[in-house]
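Notes follow the structure.
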Ligand code: ADP
Ligand code: 5GP
């Protein structure tokens, strides 16, 4: 019985279709920047898995587009109801990928992109989602700090927490087999070009199925 329920919860995470893509890496490395460009340039090919979070929206972020902004109680209830594929606490806030978020993209036959932290990567590895794992790194910790400060979205406390997580995660990323690809985001155009190159088979497959 437990086994059956366990299996059905795994199966229900995934629908047939193109292989999803996980983008991870330190906060401030440039994941959102690269991802937004990819979604714009390849409209209809990629779809973003809109996560839930308890953190407050930043200026310009829209509810339901960048995140589903929810309270801690709503998030905890959703987790208790089994609505999430994975969830984590990052820098004091809760984040999670709902089954609905992934299924909504897969129902459109698009390549689903998940922007998740290292705990999310570890937890997704335990599911049957089978994505391509890409980690985006800054050229150096000094540049990461500068980018995070210049973005002007974090308090000093949040910045320090993100920095510590970044240093830990960059070390963990080297673990063999954890990521399929590590992209250093120094020059944005070069990093983007590397990203589209890594994803060229998925892009071609999605474009072919769109045209047929
Ligand atoms: P993440 O989503 O990984 O937290 P962002 O995409 O928000 O990171 O990028 C962090 C900041 O760095 C943003 O202000 C963004 O404009 C800037 N940025 C991203 N990539 C580059 C780059 N290659 N060179 C300079 N600045 C960048
Ligand atoms: P931010 O607050 O900068 O948007 O995101 C902070 C961190 O949370 C980033 O590393 C981002 O990848 C991660 N994150 C965003 N959504 C999710 C999610 O649904 N699950 C997990 N595990 N991490 C997430």
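With a Förster radius of 35 Å applied to the beta-carbon distance between residue 76 and residue 158, the computed FRET efficiency rounds to 0.95.
Considering only 92, 17, 120, the Gaussian network model of the chain with Cα springs below 10 Å gives its largest mean-square fluctuation to 92. Computed on the Cα atoms alone, the convex hull of segment 17-204 gives a volume of 117 cubic angstrom per residue.
Defining a contact as two alpha carbons under 8 Å apart and six or more residues distant in sequence, what relative contact order in percent does segment 72-212 show?
Relative contact order, segment 72-212: 22 percent.
Each stretch of four or more DSSP H residues adds -39500 (n - 2.57); spread over every residue of the chain, this sum gives -14000 deg cm²/dmol at 222 nm.
Measuring between their Cα centroids, segment 73-97 and segment 38-67 lie 17 Å from each other. Using R₀ = 22 Å, calculate the FRET efficiency as 1/(1 + (r/R₀)^6) where r is the Cβ-Cβ separation of residue 108 and residue 180; round to 0.05. Calculated transfer efficiency: 0.40. Under the simplified labelling scheme, the residue 167-residue 56 pair shows an inter-label distance of 2.8 nm, with each label point 7 Å from Cα along Cα→Cβ.
No value in this document is a laboratory result; all are computed from the given coordinates. None of the values given here were measured: they were computed from a predicted structure. Cβ coordinates were reconstructed from backbone atoms using ideal geometry, including for glycine residues, and neighbour counts include every protein chain displayed.
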